[in-house]
Amino acid sequence: MKYYLFILLFLCGTLTVPAQDRRGGGRGSFSLSNLSSAKKDIPDSLLVADSTSLKSRRIIGYHLTPLLGDPYIAPMDTDRLNIANSTLVESQSLAVGYEGNVGSAAQTRMFFDRKEARDFIFADPYDYYITTPENAYFYDTKIPYTNIMYTTAGSSQNKDERLKGTLTLNFGKKINIGGDLDYIYSRGHYDSNGNKLLSYRVFGNYLSEKYELYAYLSNFNFINKENGGLTNDRYITNPDNPVEGYDSKRTTDTKAFPVRFTDTWNRVRGKQYFFTQRYNLGFERELDETDEEGETKKVFVPVSSIIHTFEYKDNRRHFGSTDAGIDTCYANIYETGTGNKVEDRTSYWSLSNTFALSMREGFQDWVKFGLTAYVNFEKRRFKLPRVNMANEGIGSYPVISPDANQIYDEFSTFLGAEISKRQGSLLTFNARGELGLLGDDIGELRVTGDIQTRFPLFKKDAIIKAYGYIKNVNPAFYIRHNHSRFFVWDNDFKKIQQIYVGGEINLESTRTKLSASVESLQNYIFFNRAGVPEQNNGNIQVVSARLKQDLRYRAFGWDNEIAYQLSSDKEVLPLPDMSLYTNMYVAFKLAKVLTIQLGANMYYNTAYYAPYYEPATQQFQLQREGKEAKVGNYPLINAYANFHLKQARFFVMAYNLGSKFVTPNYFSLSHYPLDPMVLKMGVAVVFNN
């Protein structure tokens, strides 16, 4: 314990290493001071009362920092270029593995983009589609704002459709309300791999000098048909000679490719209520200005804030199957009392309250940083089918009782502190440390943060940043406990220990971004070949270097990103050695109003033993014994045409065009192929005038 406290004090006092949610946030992903280049004219701090840049904008989007709810400017979806690519699952990370169609389970191949597991691990594969307090948008708009996008791909038998929209408006200067909707209906190109995802959110905020409130309620209902992947990859890699059950129809009709099982599905539901509020204490400062009546103008200066953040989450999962042969696909089958049907159900809810007291940065010239102390209380309840042991003694075996529930209650208290400097550009930093003092997470430690400097170079900004964290955390609940038809475990795992350090150089003058990271993991937990969680008692190191270089010359553009990563134990933590993205195009205007972008892009990663997605656990595990196959060494090539006319953007894309002239090996995960070549189209319209 003394060791952890020493580290906490050291990092808060010296090198501050980005603040993250307790169970969220990628490595080095959060920085208040790292505004996008498109927003470089906006001050780093939102506390600047006379910011003309902010006041002149018709709409501003915000994200909130975890737990404490500090707002910071978030980039809006207004890019005129690359809209077609932004609709792909591949655009979510430099390299992504998923089941092949939009809305399916996905995991980034970039280790340092992965987030800490939720307690409800069944929601992790849908991370790209779930709203959280960290990725949720809040708005301040002078006029009503609407942004609607519709995309479609494929024929009637395998069509993918997505409708996504936001509507928000202000009532006066203090109140904003709005709503989000995201609906995905994907029939899929392969047997039993369709998806139907619906999520929505109602949100609002109230902002005044002394009181601030951000709140939303959200709901999602995700249904995914599951097929367990192809039973024979040669239907993709060698369709003229697939060997197993050769059928000329099966080589041309992707719906006829043999799969592991059918009539099987996962349904994951969730709802969330969130609000964060603060009351500001301060004083009025007179300005060297007068109003129309000759009175001296005054401005309220916040000195400290009393903060309260509330979050309630409720999640439910149902894994079902009526496939009579699904039992033959698993080594262990536990009695559940449901006959040949699979009816695995579990649920979870959590209630979190955070109370904080903050001293605000900059209320006097000598106050160069802000300081916050907080305490967090969290109650969690998990409901699983009860496990009983039949035939006591030798030869006993577990029996699942679906009608009898086993309840697990957990409670935790965390004490934390944050120190930050967000104003100015020469040096900004943010650090947060928290320690589990009471309850089931006692001894948990998280210390995270970053430090950054910004200076002009060739008339544009150059940014140098360092970040890192130290963690000592409990494994997620469902990694410790799971009761289902095919997988039963109750584990007593040690805490996972992580030490991470990274750095980044961003040169806007040359459009260059270079970063490097290293992490050391002790007691790393993975899902082994049998599909159950296992803890590695050794130490694993992961090293990564990443370069992003964009080139522009008149109408010509060439965007490039390449990453190298190395895992010291590829048997336990397999990663592709190299991943890259390249995008070459020409962009020009027609009749001074229509912007046209014509080009092609490519995603590529070296071959490696990619994870297998197991539907019964909804986790990415090591490849199944006897079914090993490398994934990668295939260029995913897409050709596109993007258009922008006034407030409308639309595109046409030939997705996976390379499958027509490159050796067809387009697997995204072990035994899960990507969609074959298909035409994608979409339109996005913004109403804000």
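The values are calculated or read from the model by the stated rules, or taken from the named source; none is laboratory data. This structure is a prediction, so every number in the text was calculated from the model and none was measured. Cβ sites come from the backbone with ideal geometry, for glycine too, and all protein chains shown count toward neighbours. Keep in mind that these areas ignore ligands, DNA and RNA; they rest on the heavy atoms of the full protein, side chains included. Shrake-Rupley method; radii C 1.70, N 1.55, O 1.52, S 1.80 Å.
Some points to look at:
- Selection status of GLY325, of a type outside the set (A, V, I, L, M, F, W, C) and at positive phi: no
- Just one of the listed residues (ASP140, ASP119) is over 13 Å from the mean Cα position of the chain (by Cα), acidic (Asp, Glu) and over 27 Å from ASN227 (Cα atoms), and it is ASP140.
- Pick from the range 672-689, criterion open to solvent by 20 Å² or more (accessible area, probe 1.4 Å) and outside any strand (DSSP E or B), ranking: nearest to GLY100 (Cα to Cα): PRO676
- Here the range 341-368 is the region considered, the condition is being among the aliphatic types (A, V, I, L, M) and open to solvent by less than 40 Å² (accessible area, probe 1.4 Å), and the residue that is modelled with the lowest pLDDT is VAL367.
- Unmet criterion (only one of (1) in a loop (DSSP other than H, G, I, E, B); (2) over 23 Å from the mean Cα position of the chain (by Cα)) for LEU575: (2)
Matching residues to (1) within 25 Å of VAL202 (Cβ to Cβ); (2) of a type outside the set (Lys, Arg):
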site	(1), (2)
ILE73	yes, yes
ASN85	no, yes
GLU90	no, yes
PHE111	no, yes
ARG114	no, no
PHE120	yes, yes
TYR126	yes, yes
GLU134	yes, yes
THR141	yes, yes
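- Taken residue by residue, the range 465-476 has no member that is of a type in the set (A, V, I, L, M), over 30 Å from THR338 (Cα atoms), surrounded by fewer than 17 Cβ atoms within 10 Å (Cβ to Cβ) and within 23 Å of the chain's Cα centre (by Cα).
Let's see how each residue does on (1) at pLDDT 95 or above; (2) buried (at least 16 other Cβ atoms within 10 Å of the Cβ); (3) assigned to a strand (DSSP E or B):
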residue	(1), (2), (3)
PHE382	yes, yes, yes
ASN388	no, no, yes
GLY393	no, no, no
ILE400	no, yes, yes
PHE414	yes, yes, yes
GLN423	no, yes, no
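- Filter result for ASP180 (under 20 Å from the mean Cα position of the chain (by Cα) and within 26 Å of VAL683 (Cβ to Cβ)): yes
- Test: residue in the range 100-115 that is open to solvent by 50 Å² or more (accessible area, probe 1.4 Å), of a type in the set (D, E, K, R) and in contact with a strand residue (DSSP E or B) (Cβ under 8 Å, 6 or more places away or on another chain): no
- ASN376 surrounded by 19 or more Cβ atoms within 10 Å (Cβ to Cβ), at pLDDT 95 or above and touching an Asp or Glu at 6+ places or on another chain (Cβ under 9 Å): yes
- Test: residue in the range 71-84 that is in a loop (DSSP other than H, G, I, E, B), farther than 18 Å from LEU169 by Cα and open to solvent by less than 30 Å² (accessible area, probe 1.4 Å): no
- Some residue of the range 548-555 being surrounded by fewer than 14 Cβ atoms within 10 Å (Cβ to Cβ) and among the basic types (Lys, Arg): yes
- With respect to being closer than 29 Å to ILE496 by Cα and modelled with pLDDT under 90, THR131 falls outside the description.
- Annotation note: Cβ proximity below 6 Å between a residue of the range 295-324 that is modelled with pLDDT under 95 and a residue that is open to solvent by 50 Å² or more (accessible area, probe 1.4 Å) and polar (S, T, N, Q) (sequence gap 6+ or interchain) occurs for THR296/THR290; ALA324/ASN340.
- Among (1) in a strand (DSSP E or B); (2) under 30 Å from LYS225 (Cβ atoms); (3) open to solvent by 40 Å² or more (accessible area, probe 1.4 Å) - the single one THR328 does not satisfy: (1)
- Count of residues meeting criterion [open to solvent by 40 Å² or more (accessible area, probe 1.4 Å) and farther than 19 Å from SER520 by Cβ] in the range 561-570: 1
- Here SER91 does not qualify as outside any strand (DSSP E or B), out of contact with any strand residue (DSSP E or B) (no Cβ under 8 Å at 6 or more places or on another chain), surrounded by fewer than 18 Cβ atoms within 10 Å (Cβ to Cβ) and modelled with pLDDT under 90.
- Yes/no for ALA587 being among the small types (Gly, Ala, Ser) and either surrounded by fewer than 16 Cβ atoms within 10 Å (Cβ to Cβ) or in contact with a Phe, Trp or Tyr (Cβ under 7 Å, 6 or more places away or on another chain) (or both): no
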